[in-house]
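Report on the following structure.
The values are calculated or read from the model by the stated rules, or taken from the named source; none is laboratory data. Quick caveat: nothing in here was measured; it's all calculated off a predicted structure. Backbone-built Cβ (ideal geometry, glycine too); neighbour counts: all protein chains shown.
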Amino acid sequence: MINSSSSKKHGTDQQEISGPTAKSQRAQMGKPEESENKKRLKDVEISVPIVFGNAAFWLGKKASDYQSHKWTVYVRGATNEDLSVVVKRAVFQLHSSFNNPTRVVESAPFELSESGWGEFEIAITLYFHSDVCEKPLNLFHHLKLYPEDESGPMSTKKPVVVEFYDEIVFTEPSESFLARVQNHPAVTFPRLPAGFTLPPPVPIEDESKRNRGDTKDHPLSQWFLNFSEADELLQLAAARQQVQAHIAKLRRQISMIDGQNQQLKPPSDQ
Amino acid sequence: MVSREVYALTGGLAPLMPSIEVSQLKRRPPSDEKITWQWLPFTSSARKDDLQLYHWARVVNGVPPTGDYSFAKYNKSVDVIRYTDEEYEKYLTDPTWTKEETDQLFDFCERFDLRFIIIADRFPTSRTVEELKDRYYSVSRAILIARAPSPGEVAGHPLVKEPYNVSQETERKRALSMVLSQTKHQERKDAEVIAEAKRIAESRMAAQGVEEPDLPVTSDIGPENAEKAIGHGDTISPSNVHVPSAAVAPSTSILADNTSTLASLRMLWVYLRTYALEQMVQAASSSAGLRTIKRVEQTLQDLGVNLKPKVPTKAVCAEHLELRKEILTLLNLQKQLQYKEAEGSSFRDGSYGDMPGTPKRSLRAADQDRTFVPDTISFGGERVGKREQKRKGPGRVAETPSSPAHKRPRKLKASDL
């Protein structure tokens, strides 16, 4: 397919060049229809809310010295939508003590399950479809197996779950990318410039082969955390209000003191 | 000391005596005239009726004052051109205006002396001020031209030379009201956009202008701001990418950091929202020392705000960043206040050598460091009580926290509000 072959050609160039010249280079090297598809929208960003983390089950009596927990590390859509619309594959880099520590996941749900005893940092690299972004993105997650409250009892039924909310931001998205994800629930679609129309979407290569990639009915979904920005916004708004009121008060005090100081100033200063 | 100008004007020494002759101030005895004041009727040419009014008049030797009422000359009105029905049919018809409406408009214009705000207010059909003005001025203009023996005769008339431009006026007023109602936040954002536009222009110039420069508006700005940017007295326009640097706000160092951060983020093609926030926070705090940054974080904790947002959406990150900036401002103001108080004290005591670092000062300084909230604001009863305990002895304030969990007052929760 046109898109993937061009990505192989341009892959290495992408890192070295930046700014306006990159686009012109791409336009020169690619075929005419390619550069049409690669047309990018400046000052428009498209974001994908994600949640990543792990769930770990203590194995209880089945636990051995080296395998005390069964855990799953994953990246999911924040509202459990299918991320494969943007993510082509995810690579989980595990601790070197694991066999084949580089684990590649080619389809959604982007997760990896293993068993072990240790907590360590896992590097997750997300590779995107070529019309989305040619650069991969790295996430880092510290695997958590043991509960926060160390004194509490460990349960085999209830897992230890640690999740983080974040948003993947794509700058200057290409028209083909925008067209393809127009109405997809996993993606936060930006406001386009007035009167702008998108070209018809071109489906990505392995879309037809794909099975259901969303995590709505995932076996772990009952443990997934809810992330709502409302509470945080409320808190921030309240905090800002307080700070602003305090600032106003200080300004008044300062101007008052300024007035007083003017009068108190020794005559030689005036 | 007498100023040079006075010296020059008086041709030498400034007058040491008052310029008014004191003897002049004494009431002079009237000369040979007999002056009386009488309550007399008067008429005014400004009145159209024959109402008899009375006033006190200065009668000299039995002769009352003559002439028109002295205030009649102020009864001015506007010369509103009135058209005939014939003229209306020939030159003045308009699809959006009926004759009745136009007649009414002209009546009002005469009656209210072209005070369009009042005319608009009282006009029976709802018309904007601009629409009324447009109709009035275009009708008047058409009449002038129609009645003139030749076009050259009226070419110099202001109405003919510079006709009323409705769309321009509407746009101007809208832009003006937007500028007036701009919040400080908006002002800063606009300055950011302008600074960024400049940077983009410069980087494009450097890159030999491969593409044509697009309108430099950041994605953060919604339609109303984009329009505002355009309406902003031509500071940003598609063809002119060289933006005047005078438009950038005074705190350019912080804004420059912000905009360069935004620009460098854009170069990444893909990044995480949390990473972007980190960069922006760093940029915003670049001028602050480590102690200040710690104080900002302490303040955030006191306010019950997560140091790193738990749900870092675009909106949350923006609010978080703004909050941090406001806290920085707050801390700066607190420092300012301390210095000014110290200054004032030193003036009062007469001891100019008194530095803010003396024990008396440091007590208050540490106090303000430690407790974010002044006496008038409090999170809840519990908190006030705890602060009372803290104040007990001067020595206590400077101690280092051994167990923060106990010393720090209860965090504010959303449920407290």
**Asked** In the stretch B:156-188, which residues are among the charged types (D, E, K, R), surrounded by 11 or more Cβ atoms within 10 Å (Cβ to Cβ) and closer than 14 Å to B:Ser138 by Cα?
**Response** none
**Asked** For residues in the stretch B:325-369 being in a helix (DSSP H, G or I) and among the aromatic types (Phe, Trp, Tyr), which is modelled with the lowest pLDDT?
**Response** B:Phe347
**Prompt:** Quick check, is A:Val202 within 14 Å of chain B (Cβ to nearest Cβ), more than 30 Å from A:Trp58 (Cα to Cα) and not charged (D, E, K, R)?
**Reply:** no
**Message:** What pairs come out if I take residues in the stretch B:320-342 that are more than 9 Å from chain A (Cβ to nearest Cβ) and under 20 Å from B:Val281 (Cβ atoms) and pair them with residues that are hydroxyl-bearing (Ser, Thr, Tyr) and not in a helix (DSSP H, G or I) whose C-beta lies under 8 Å away, six or more apart or interchain?
**Reply:** B:Arg324/B:Ser285; B:Leu328/B:Ser285
**Request:** Among the numbered conditions (1) away from chain A (no Cβ under 12 Å); (2) in contact (Cβ under 8 Å) with a residue 40 or more places away in the chain; (3) crowded, with 16+ Cβ neighbours inside 10 Å; (4) not charged (D, E, K, R), tell me where B:Thr261 comes up short.
**Result:** (2)
**Request:** Could you tell me which residue of the stretch B:269-308 is farthest from the other protein chains (Cβ to nearest Cβ), considering only residues that are closer than 24 Å to A:Phe128 by Cα and in contact (Cβ under 8 Å) with a residue 12 or more places away in the chain?
**Result:** B:Gln279
**Message:** Considering only the stretch B:289-296, I want to know if a residue exists there that is surrounded by fewer than 18 Cβ atoms within 10 Å (Cβ to Cβ) and under 25 Å from A:Arg252 (Cβ atoms).
**Reply:** yes
**Item:** Members of the stretch A:213-236 that are more than 7 Å from chain B (Cβ to nearest Cβ), in a helix (DSSP H, G or I) and without any contact (Cβ under 8 Å) to a residue 12 or more places away in the chain
**Value:** A:Gln222, A:Ala230
**Message:** I'd like the full set of residues that are surrounded by 15 or more Cβ atoms within 10 Å (Cβ to Cβ), away from every other protein chain (no Cβ under 12 Å) and not charged (D, E, K, R), limited to the stretch A:173-183.
**Reply:** A:Ser176, A:Leu178, A:Ala179, A:Val181
**Request:** Consider A:Phe164 carefully, then state whether it is among the aromatic types (Phe, Trp, Tyr), within 14 Å of chain B (Cβ to nearest Cβ) and part of a loop (DSSP other than H, G, I, E, B).
**Result:** no
**Request:** Return a yes/no flag: does the stretch A:86-106 have any residue that is under 19 Å from A:Trp223 (Cα atoms) and buried (at least 17 other Cβ atoms within 10 Å of the Cβ).
**Result:** no
**Request:** Could you please let me know if A:Phe189 is in contact (Cβ under 8 Å) with a residue 24 or more places away in the chain, out of contact with any strand residue (DSSP E or B) (no Cβ under 6 Å at 6 or more places or on another chain), within 13 Å of chain B (Cβ to nearest Cβ) and buried (at least 17 other Cβ atoms within 10 Å of the Cβ)?
**Result:** no
